[in-house]
1. Kindly provide the set of residues from segment 56-93 that are within 15 Å of HIS27 (Cβ to Cβ), modelled with pLDDT of 90 or more and polar (S, T, N, Q), ordered by number.
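The values are calculated or read from the model by the stated rules, or taken from the named source; none is laboratory data. On a predicted model such as this, the values are computed, not experimentally measured, just so you know. So basically every Cβ, Gly included, is an ideal-geometry build from the backbone, and we count neighbours across all protein chains shown.
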Amino acid sequence: MIFTVANNYWYSRPIAVVKLDEIIASHLKEYGDKELTDDERKLASESFAQSLDSVMKQMGDEQRVTLLVAPAVVTDVPDYTEFVKAEIRRTMNGK
């Protein structure tokens, strides 16, 4: 029994989802309205991609969940979309 409890604590990771299309649409809406040069737009896109990747990994590790894109999961599981969007905004704004 101790093994089962320890195993579940260290290795069990419940499933959670993020709506990746919503996160990308939010980014496009925010940066699409700005007057940016091609270089600034490229830099913003690269920064967004890096932020998205690191935030997804960080959120999964901190919350001990396996994050999947929403269309891949048909059952009712926690949605981390707003948390991920807020964290991406924070990291991209340098705060």
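1. The one that is within 15 Å of HIS27 (Cβ to Cβ), modelled with pLDDT of 90 or more and polar (S, T, N, Q): THR81.
Yes/no matrix, rows are residues, columns are (1) closer than 16 Å to MET92 by Cβ; (2) at pLDDT below 90:
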| residue | (1), (2) |
| --- | --- |
| ALA6 | no, yes |
| PRO14 | no, yes |
| LYS19 | no, no |
| ILE24 | yes, no |
| LYS34 | yes, yes |
| SER54 | yes, no |
